[in-house]
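Written below as structure tokens is the structure these notes are about.
Only the coordinates and a few stated rules stand behind these numbers; no lab work does. Treat the numbers as computed from the prediction; the structure is a model and nothing was measured. No Cβ is skipped: glycine too gets one built from the backbone with ideal geometry, and neighbour counts run over all protein chains shown.
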Amino acid sequence: MIEEVKRILDVSIKTALQDPKKSFEIAQKAYKIAKESGFELEVGNAYFCMAYSCRVMSDYSNGLKHALRALDIFEAFEDSEGILKVRNIIGIIYFYYGDYKTSLDHFTTANELFKTIENPKLESSILNNIGEIYRVAGDYKRAFEYYSKSLKISECQDILQNISIINANIGEIYYLQKDYEQARLYFERAYEHSINTSDPITKGQAQTKLGQIDSVQGDFIQANEHYISALKLFNQVNNKFYLVEALIGFSEMNEKVGRSPKHSLLEALNFAIESHLELQISVIYKKLVDYHEANRAFEQALHYHKLYYQKEREIEASNLSMKLELLALEFDYYKEKSEFEKNKKLSEKLTREISESKEELKEIKAQNETLMEVSLIDELTQLYNRRGIKKQLHEKLEKSREEYDLILMIDIDRFKDYNDFWGHLKGDECLQIISKCLKNLDYDDYFIGRYGGEEFICYMKVLDMNMAIERADEMRKSILSLKLPYDDSAGSEMVTISVGGFVGKMTLAKINDYIERADKHLYRSKDGGRNKVSIEQEVDCHEN
């Protein structure tokens with residue numbers, strides 16, 4: 001039975017990076033078997049696996065809770081290797097929240113144990129982690145010392161992944177000191193070793209660093225190749241954290257060569273928001289502020305400055321709240337062993353401060369939600385933009401319903417002709433008038449978004465195909481009734497729209513397919529002479 005528990009825990013560790021939630025559930029299963037069978041040391045290992053899964057999920061308070069339980073068991077059994085790996089996890093948890101002193105205490109305590117046991121891979125990792133603390137603190141000399149020790153062990157044991165990561169970290173020190181030749185040397189070594197690891201993330205990280213140094217030294221063709229390759233690798237494994245990092249670097253390179261960085265920054269922002277990467281969100285907001293200020297788009301700059309300011313406040317409050325919560329967990333943990341009145345009072349004080357910090361964080365998050373709503377709206381038309389459309393579709397399609405879903409793609413006919421005659425200012429005004437008309441139709445449960453240029457998207461619920469055609473045709477007629485002439489001649493035609501649609505029972509997973517099918521019918525309307533409606537229905541979508 002004990003071998004079965006070990007096997008389950010091994011699966012948990014191997015699953016953690018790909019699916020941490022599943023990894024946690026597997027560790028819980030092993031914990032239950034170990035507890036029922038009286039395998040106390042394996043209970044400790046199960047706690048460690050749960051802590052490791054929590055760390056990958058960024059659930060640091062639960063991670064610390066499980067790690068401390070594991071530490072207690074490993075210390076009781078004098079299991080040095082168990083103590084090592086748990087101290088490493090605890091150190092990483094405190095590092096993520098900026099408590100570098102506590103983090104360093106755990107890493108150095110773990111490092112002392114290598115005098116009595118041998119585990120080169122773990123020793124290399126802990127020395128590298130200590131180097132990271134000194135690098136973040138700006139003590140590059142000490143950081144270099146620990147990186148060098150870590151690198152030496154990894155090279156002796158041929159631990160390729162560690163070799164690549166540590167070379168990249170050393171290169172980063174030289175990069176920060178503007179010694180770009182040395183930085184390039186280490187980044188290239190990191191890349192060479194990453195090729196043999198068969199780990200796309202390590203390879204992608206190395207290529208991002210090479211793109212960074214190429215960009216600084218003016219080799220933009222090579223930088224572009226490195227960034228594109230890194231982005232492909234991170235997309236391949238769906239790693240949003242490093243994808244965002246690479247997109248930010250890519251945007252900086254684009255700006256240097258005179259291309260707009262906005263597209264890459266907004267793409268990075270979408271990924272960062274989806275994955276709750278708060279620090280990266282703040283960095284991107286600041287870059288968008290700088291970009292819009294440089295291009296004298298002061299209204300947009302002010303918008304992103306507000307988002308940046310609020311996000312910084314949220315991060316500060318969140319970090320403080322989490323630090324206090326982690327400290328309270330440690331105090332409560334040690335209080336169980338030794339009931340000192342001082343510890344009790346300190347724990348009560350910390351609990352009070354945590355509550356106050358959480359209230360402040362709740363208020364800031366509410367303000368951020370309001371600002372986030374603004375970022376979902378297209379500035380010109382006041383309709384939903386692409387991000388807003390995505391959010392709305394997600395909310396609409398996850399609700400259970402009896403009615404059918406209808407998606408309409410709408411395009412203003414011959415809009416170029418209108419722009420060419422009346423000019424772009426009147427063209428913008430035309431877009432605003434049409435947007436207002438489409439937005440204010442007397443329908444229940446529908447929304448309109450600006451899909452791009454003069455193209456719009458509409459979602460609504462309908463009872464059958466007849467109702468779908470009726471609604472689409474009402475939209476077409478409503479725009480015709482606005483009587484917006486293409487030119488100032490007496491016989492000028494009025495602005496019209498073409499509509500394509502798809503109706504059926506939809507799922508979010510296939511939304512791009514539905515939009516594509518609606519778009520094909522839009523072009524059928526265009527090819528059929530414009531100012532027309534063409535809608536496709538699912539096979540099981542019958543009229544009443």
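I want the local charge near Asp411. Using Cβ-Cβ distances under 13 Å, sum +1 for each Lys or Arg and -1 for each Asp or Glu among the other residues.
Every neighbour counted, the sum reads +4.
So which GluC sites (Glu not before Pro) in segment 101-153 are both in a DSSP loop and have at most 11 other Cβ atoms within 10 Å of their Cβ?
Details: sites: Glu112, Glu118, Glu123, Glu132, Glu145; in loops: Glu118.
Answer in residue order: Glu118.
For Glu516 and Lys121, compute 0.36 nm times the residue count separating them, minus their Cα-Cα distance, and round to one decimal in nm.
That works out to 137.2 nm of additional length.
How many nm is it between the label spots at Asn196 and Glu181, if each spot is 7 Å from the Cα in line with the beta carbon?
In this crude label model, Asn196 to Glu181 measures out at 2.7 nm.
Could you work out how much longer the chain between Asp105 and Ala76 gets when fully extended? Use 0.36 nm per residue separation minus the Cα distance between them, nm to one decimal.
Result: 8.4 nm gained on full extension.
Across the Cα atoms of the chain, what radius of gyration and what greatest pairwise Cα-Cα distance (Dmax) are found, in Å?
Every Cα atom of the chain included, Rg and Dmax give 28.9, 96 Å.
Based on the alpha-carbon set only, what is the convex hull volume of segment 386-537 divided per residue, in Å³?
For segment 386-537, the hull spanned by Cα atoms encloses 104 Å³ per residue.
Mind grabbing the base-10 log of I(q)/I(0) for segment 2-235 at q = 0.11, 0.18 Å⁻¹? Debye formula, identical points on the C-alpha positions, no solvent, two decimal places.
-0.62, -1.35
Starting from the Cα of Lys21, step 7 Å toward the Cβ, then list every residue of segment 377-397 with an amide N under 18 Å from that point.
Under 18 Å, as judged by backbone N against the label point of Lys21, lie 394-395 of segment 377-397.
I want to check the label-to-label distance for Thr507 and Phe220. Put each point 7 Å from Cα in the C-beta direction and report it in nm to one decimal.
The modelled label-to-label distance comes out at 4.5 nm.
Need the full-extension length gain, Lys6 to Glu312, defined as separation in residues times 0.36 nm minus the C-alpha distance. One decimal, nm.
105.8 nm
Taking the chain as the reference, fit the longest principal axis to its C-alpha atoms, fit the long axis of helix 140-157 to the helix C-alpha atoms, and give the angle between the two in degrees, 0 to 90, nearest 10.
Roughly 80 degrees between the two axes.
Could you tell me the calculated FRET efficiency between Leu41 and Leu425, based on Cβ-Cβ distance and R0 = 45 angstrom, to the nearest 0.05?
0.05
In a shell of Cβ-Cβ distance under 11 Å around Ile133, excluding Ile133 itself, what net charge do Lys and Arg (+1) and Asp and Glu (-1) give?
-1
Could you run the Debye sum over the Cα atoms of segment 1-112, one equal point scatterer each and no solvent, and tell me log10 of I(q)/I(0) at q = 0.10, 0.15, 0.22 Å⁻¹, two decimals?
-0.26, -0.58, -1.16
How big is the gap, in Å, between the Cα center of segment 512-540 and the Cα center of segment 26-65?
53 Å
Taking the Cα-to-Cβ direction at Gln157 and at Arg259 and moving 7 Å from each Cα, how far apart do the two end points lie in nm?
The modelled label-to-label distance comes out at 4.2 nm.
Enter the angle in degrees (range 0 to 90, nearest 10) between the Cα long axis of helix 160-176 and the first principal axis of the Cα atoms of the chain, meaning the one along which they spread out most.
Computed tilt is about 70 degrees.
Give me the base-10 log of I(q)/I(0) for segment 199-325 at each q in 0.19 Å⁻¹, Debye formula, one uniform scatterer per Cα, rounded to two decimals.
Once normalised to I(0) and log-transformed, intensities are -1.04.
Give the residues of segment 456-482 whose amide nitrogen is closer than 18 Å to a point set 7 Å from the Cα of Lys416 in the direction of its Cβ.
456
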